[in-house]
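Derivation of every value follows stated rules applied to the coordinates shown; laboratory data play no part. All values reported here derive from a predicted model rather than from experimental measurement. No Cβ is skipped: glycine too gets one built from the backbone with ideal geometry, and neighbour counts run over all protein chains shown.
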């Protein structure tokens, strides 16, 4: 996977994934069976590597849900 300065981390509570874009996370979530996702412990992070110190930001669920619909 090639990244520009930002990549995304998805932890479904059962499996972990890395993606180059937020849209790829949405597609992965659409593909997964509901039994593969623990929605209580699911986490999506945006990781920015542009500076000396990497910046980790949690992606808000309302933004993800809006894209899932």
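Filtered by the rule that a residue be touching a residue at least 40 places away in the same chain (Cβ under 8 Å) and under 15 Å from residue 3 (Cα atoms), segment 18-69 gives 22, 23, 46, 47, 48, 49, 50.
Of all residues in segment 1-19, count the ones that are assigned to a strand (DSSP E or B), loosely packed, with under 13 Cβ neighbours inside 10 Å and touching a helix residue (DSSP H, G or I) at 6+ places or on another chain (Cβ under 8 Å). Final tally of qualifying residues: 0. For residue 41, indicate whether it is in contact with a strand residue (DSSP E or B) (Cβ under 9 Å, 6 or more places away or on another chain) and exposed (fewer than 12 other Cβ atoms within 10 Å of the Cβ). Yes, satisfied.
Checked against the criteria, residue 51 does not count as surrounded by 10 or more Cβ atoms within 10 Å (Cβ to Cβ) and outside any helix (DSSP H, G or I).
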